[in-house]
Amino acid sequence: MAKYDVAIIGSGPGGYVAAIRAGELGLKTVVVEKDPYLGGTCLHVGCIPTKVLLHHADVYDHIKNGAELGFEINGVKVNWTNVMSRKSKIVTKHAKGIEFLFKKNKVEWVQGWGKYDGPGRVSVEKDGKTSTIEANNILLVSGSEARSLPGIEPDHKTILTNRSILELPDIPKTLIVVGAGAVGVEFASIYNSFGTQVTILEALPRMVPVEDEEISLELEKAYKKKGINVFTGCAVDGVKKDAKGVTVSFKDKDGKAQTLQAEKLLLAVGRKAMTDNCGLEKSKAKLERGFVHVNEVMETAEPGLFAIGDIVAGMPQLAHAAMMEGIVAVTHIAGKPTHKILKTRVPNCTYCEPQIGSIGLTEKQAKEAGYSVKTGKFPFVGNSKATILGNHGGFIKVVSDEKYGEVLGIHIIGPYATEILSEAAAVLHLEGTIDDMMNMMHAHPTVWEAMGDGFASVRGLQINV
Ligand SMILES: Cc1cc2nc3c(=O)[nH]c(=O)nc-3n(C[C@H](O)[C@H](O)[C@H](O)COP(=O)(O)OP(=O)(O)OC[C@H]3O[C@@H](n4cnc5c(N)ncnc54)[C@H](O)[C@@H]3O)c2cc1C
């Protein structure tokens, strides 16, 4: 029985990044993963495959709009099998990449179901056999799975989750997406580009409900313009499968009963923590609806047991949040100084078309937090690079504190939103002000320079509108 400094259950972005950093810091580390490959939800059925498909959809949109760019393009056909196979190749390449990085950093990994088995012990079950790993510190990074709605169970043929929709043999003619969070709107965007008639059903009053209200309104406007049907504030009350696909019954926001028929239905109604059967009952860890409470260094109420990633209570379920949480935990374990993760400094990216990138407080949250709020807004219609790209819908909204000009939040919808958000993340991380940022030079012509106009718009000093 080998003794380790760190044992990590789960090899998603929280687990593999923690393992690599632990290796770099000289900690003897082992990862337990139930699947025969490394990378978790993010690499196999989340961030990466969806972004591959979004990229393909984007290229296809450019081809369809070729005439506007002066190209005569005829007879373009989507070879879906090839699209799916490129997606799989990228996933496999990166899974091998993690194996390489493990070797490079002397991280060991074993396949099997890992369970906390009391202080300093992890049990690993594989093919009916159980072994034990001893480790001074244990990180539970078991991730999340798609939630379903009462009475609507995915069959992965007609009623799909993020897993099964990534394996469709053909592009469906019609698709109903239940849920307008990041996962739902990304798949809606992908299939809309490939010609599927998409309908979104969202229970809350607006799409992407965690975003600033103006972003939600802009997205709904853009989606309707693209021909996506959007119903918000509606309650799905039944799904029936038939030979043609599914029939969904729901009450719309006025309480009127409606039904819709489609070939496929995607459930995108949130993600539950995978903490069952992980041995937490043997610990003092505090759970809330399956999510685990942790302190500033990600340690649970059970000394030596840490929780990271999608299973953590009160943190957004995002790959980069999981990665940073893992780094904080192993840095602390290595006895080095670390930093507290603030929820308001976690960037949120939704890679639909138009893209959304946001960080910090929304206008409403800033007001509720007692700030004297001053906002500015710059539309991409005033940005020359956006015009060159033929993509000048949307805007940058800056939320600031009137007193000192501190930047509190930035909300972007439009071209390259998920890339130019990097400046927003830096200014919040460094606690910059509107004046710092509007005096910083932004290169011309870039989409990024719209950020300069966005900051200046808080003072009414934007140049390009
Ligand atoms: C469709 C979709 C798109 C997404 N896109 C993005 C995006 O663009 N950007 C972003 O930041 N986030 C995105 N996310 C969210 C992101 O995937 C998650 O936040 C991230 O994967 C969480 O990482 P994790 O390490 O906590 O868990 P996971 O990635 O879920 O990994 C957990 C791992 O633990 C393993 N495991 C579970 N239980 C056990 C056990 N008992 N023993 C051994 N192994 C176990 C699992 O097999 C898995 O490999 C997306 C999610 C989905 C569903």
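The values are calculated or read from the model by the stated rules, or taken from the named source; none is laboratory data. Every value quoted in this text rests on a predicted model; they were computed, and no experiment measured them. Note: ideal-geometry Cβ built from the backbone for every residue, glycine included; neighbour counts use all protein chains shown. Heads up: the accessible areas ignore ligands, DNA and RNA and are worked out on the full protein's heavy atoms, side chains in. Shrake-Rupley method; radii C 1.70, N 1.55, O 1.52, S 1.80 Å.
For the chain, what's the relative contact order in percent, using C-alpha pairs closer than 8 Å and at least 6 residues apart?
Dividing the mean separation by the residue count of the chain yields 14 percent.
Students sometimes get this wrong: rank Thr196, Thr81 by accessible area, probe 1.4 Å, all chains present, largest first.
Thr81, Thr196
Assuming a viscosity of 1.002 mPa s and a temperature of 20 °C, what translational diffusion coefficient in µm² per second does Stokes-Einstein assign to region 410-465, Rh being the Kirkwood radius over Cα pairs?
In µm²/s, the coefficient is 187.
How much accessible area per residue does the chain have, counting only protein heavy atoms and a probe of 1.4 Å, in square angstrom?
Ligands and nucleic acids excluded, the result is 47 Å² per residue.
Can you tell me the equivalent ellipsoid semi-axes for region 218-272? Use √(5λ) from the Cα gyration tensor, largest first, whole Å.
Over the Cα atoms of region 218-272, the semi-axes work out to 20, 15, 14 Å.
Any idea what % of Cα-Cα pairs in region 84-235 are farther than 20 Å?
65 percent
So if the hydrodynamic radius of region 346-465 is defined as the Kirkwood radius over C-alpha pairs, what does Stokes-Einstein give as its diffusion coefficient at 20 °C and 1.002 mPa s, in µm² per second?
It comes out at roughly 155 µm²/s.
Where both partners of a DSSP beta bridge lie in the chain, what percent of those bridges are antiparallel, to the nearest 5?
Taking every DSSP beta bridge with both residues in the chain, the antiparallel ones total about 60 percent.
How would you order 450-457, 61-68, 164-171 from highest to lowest mean count of nearby Cβ atoms within 10 Å?
450-457, 164-171, 61-68
Report, as a whole number in µm² per second, the diffusion coefficient that Stokes-Einstein gives for the chain at 20 °C and 1.002 mPa s using the Kirkwood radius over alpha carbon pairs.
For these conditions, the coefficient is 90 µm²/s.
Lys pairs in region 21-110, Cα-Cα under 17 Å, at least 8 apart or on separate chains: how many?
13
Report the label-to-label distance for Asp276 and Glu125 in nanometres (one decimal), using points 7 Å from each Cα along the Cα→Cβ vector.
Roughly 1.3 nm, to one decimal.
Would you work out what percent of the accessible area of region 378-427, with all protein chains in place, is carbon or sulfur (probe 1.4 Å)?
57 percent
Rounded to a whole number, what % of the accessible area of region 176-218 do carbon and sulfur atoms account for, probe 1.4 Å?
Its accessible area is 63 percent carbon and sulfur atoms.
Pairs of alpha-carbon atoms within less than 8 angstrom and 6+ residues apart define the contacts here; what relative contact order does region 171-265 have, in percent?
27 percent
Report the far tail of the P(r) of region 308-362, meaning the percent of Cα-Cα pairs longer than 15 Å.
Roughly 54 percent, once rounded to a whole number.
If contacts are Cα pairs under 8 angstrom and at least 6 residues apart, what is the relative contact order of region 82-154 in percent?
15 percent
Grab the other residues whose beta carbon is less than 14 angstrom from that of Pro303, score K and R as +1, D and E as -1, and report the net.
Combined, the nearby Lys, Arg, Asp and Glu give +2.
Using only alpha carbons, build the gyration tensor for region 1-121 and give me the equivalent ellipsoid semi-axes, biggest first, whole Å.
Over the Cα atoms of region 1-121, the semi-axes work out to 42, 13, 11 Å.
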